[in-house]
Every structure is written in structure tokens, then in C-alpha cells.
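Engineer: The structure's right below; bear with me while I get my questions together.
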Amino acid sequence: EDQVTQSPEALRLQEGESSSLNCSYTVSGLRGLFWYRQDPGKGPEFLFTLYSAGEEKEKERLKATLTKKESFLHITAPKPEDSATYLCAVQAPNPASGGSYIPTFGRGTSLIVHP
Amino acid sequence: DAGVIQSPRHEVTEMGQEVTLRCKPISGHDYLFWYRQTMMRGLELLIYFNNNVPIDDSGMPEDRFSAKMPNASFSTLKIQPSEPRDSAVYFCASSDPQGAGYTFGSGTRLTVV
């Protein structure tokens, strides 16, 4: 059973067309939720950490929000350089590893922004 | 800081050969993680260390995989013998004690033929 589900798997937008990516989670005792950006051939790059429902973080055209069940990454007026895979990870006690708080990653959303 | 440094960037090897991947974490980060990324399974945690000590290796797929961290600035992930299904991108990441956000290396793309 997946603890972290991201949707859609892929998203194509026109430049300037705003949209949102979703990350839903089923863990208990959430300690933190992370968003990362991954460009082809590179490692994930940290964007945001959210800790509690209602919290919001912004960076340029990106805004991340958090509820008790999901997080959204809103992209306002995207540009082609925003094209990347966006990964979500949740940090919660993991029974499979003795209750450690190592984040579990979702499969990501591949975003392509056309000029 | 140069970030997390991994080597080699690409590795092509024949089935049955030993493969060693290397990682230098960010200075001052006392957590180090090894991940594997494939199209089928996404990003999977293999093992992590805290202050050079392996804490959880439950993600290591088989005994063919082993990891060491002899000091705070170096870690290795070894596969012996390698198999075609080990082909993937292997990432190393490090974080500070707060773990607020990991810093990943650029990865090693491993191809086993």
C-alpha cells in the first residue's frame, strides 16, 4: 500500500497556464512533507518543507500548501524552465524500519511547459 | 560547499563483476543516505547512516549489496556480483541532524550488461 501518491503522473502545460500538482498521503504522525524538483540526469533538488496543516511556502512561481491528507504544489504562470519532475516525500514514523523518520518518496509528477 | 559528490557519474559493467559507488557528503552533515531510482519503483531508500554508523539497511535488496562509511566524509555502496536488474541510478544524499531537507548528489547511472 502506497503511503504517498502523486497525481497526475504527467502534466503538459502551455507557458502561462497555471495548474496544481497533488501529493496525497496516508501516514500517521506526519512530521514533515517535502517537495523536490528533479531535472533529467540530476539528483532531486530541495524546494520546500511543510510541517503542519494550513502552512504555505512560496518560491518564485511555486507555492506549496498542506492539509491533513494532502499537499498541493501550485505553479503560477509557468515558464519552460519549470519543466522537471516534482517529487513529494513524507516524513513520519516508519514501522518497517523501527519507527525511524526517514522520508518516503512518491513517484513524482513529470511537468512539461511548452513555450 | 561543493555539495554531495558522487563518483563515477556513469558505470557500465558486465554481469558478475563487482561495482563500487562512492559518495562524499556535505561537511557537517551527520546523516548519509543511499537511494536507488528506477522507472518502475521510483526512489527507494537502500540504507542510511548516522555519524558513520549504519542505522537501517532494510532497503538493501540482497546480500550482494553492502555499504560502508569509514569516516564522516566518505561512503561506498558495493554490489558483488552485479546483475542486469541492478541497472538504475544510485543517489547519495546527506542531511543535518534536523533533517529538514536532504541534499542529493548527481547520481551514478549504473548499467549492468
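The values are calculated or read from the model by the stated rules, or taken from the named source; none is laboratory data. Just so it is clear, the structure is predicted and the values come from calculations on it, not from any experiment. As a convention, Cβ positions derive from the backbone with ideal geometry for all residues, glycine included, and neighbour counts pool all protein chains shown. Surface accessibility is based on the protein's heavy atoms, side chains included, excluding ligands, DNA and RNA. Shrake-Rupley method; radii C 1.70, N 1.55, O 1.52, S 1.80 Å.
Engineer: Ignoring ligands, DNA and RNA, what accessible area per residue does chain B give at 1.4 Å, in Å²?
Structural biologist: Per residue, chain B has an accessible area of 49 Å².
Engineer: Give me the distance in nm between label points sitting 7 Å out from Cα along the Cα-to-Cβ direction at residue A:12 and residue A:60, one decimal.
Structural biologist: Using points 7 Å along Cα→Cβ, the separation is 2.4 nm.
Engineer: Could you compute Rg(Cα) / (2.2 N^0.38 Å) for segment B:1-41, with N its residue count?
Structural biologist: 1.45
Engineer: Right, here's the next one. Which residue fluctuates most in the GNM of chain B (Cα springs below 10 Å): B:80, B:98, B:37?
Structural biologist: Largest GNM mean-square fluctuation: B:98.
Engineer: With only alpha-carbon atoms in the gyration tensor, what are the semi-axes of the equivalent ellipsoid for segment A:19-115, in Å, largest first?
Structural biologist: 25, 15, 10
Engineer: Determine how large the accessible area of residue B:56 is when every protein chain is in place; take a 1.4 Å probe and give Å² rounded to the nearest 10.
Structural biologist: Probe radius 1.4 Å; accessible area of residue B:56 about 20 Å².
Engineer: Now, a different point. Interface A/B, total buried accessible area with a 1.4 Å probe, nearest 100 Å²?
Structural biologist: 1400 Å²
Engineer: Let me ask something else. Leaving out same-chain residues fewer than 8 places away, which lysines sit with a Cα under 27 Å from that of residue A:79?
Structural biologist: Within the straight-line cut-off, residue A:79 pairs with A:42, A:57, A:59, A:63.
Engineer: Roll a 1.4 angstrom probe over the protein heavy atoms and tell me the percent of accessible area of segment A:1-82 that is carbon or sulfur.
Structural biologist: Accessible surface attributable to carbon and sulfur in segment A:1-82 totals 46 percent.
Engineer: Counting only protein heavy atoms, what percent of the accessible surface of chain B is carbon or sulfur at a 1.4 Å probe?
Structural biologist: So the carbon and sulfur contribution to the accessible surface is 50 percent.
Engineer: Could you check how many percent of all C-alpha pairs in the protein assembly as shown are farther apart than 30 Å?
Structural biologist: Across the protein assembly as shown, Cα pairs with separations above 30 Å total 25 percent.
Engineer: List the extent of the Cα atoms of chain B along each of their three principal axes, largest first, rounded to whole Å.
Structural biologist: Here the spans come out as 39, 26, 25 Å, largest first.
Engineer: I've got another one for you. Go through segment B:50-113 and name the trypsin sites (Lys or Arg not before Pro) that are in a DSSP coil and have 15 or fewer other Cβ atoms within 10 Å of their Cβ.
Structural biologist: Passing sites in segment B:50-113 are B:64.
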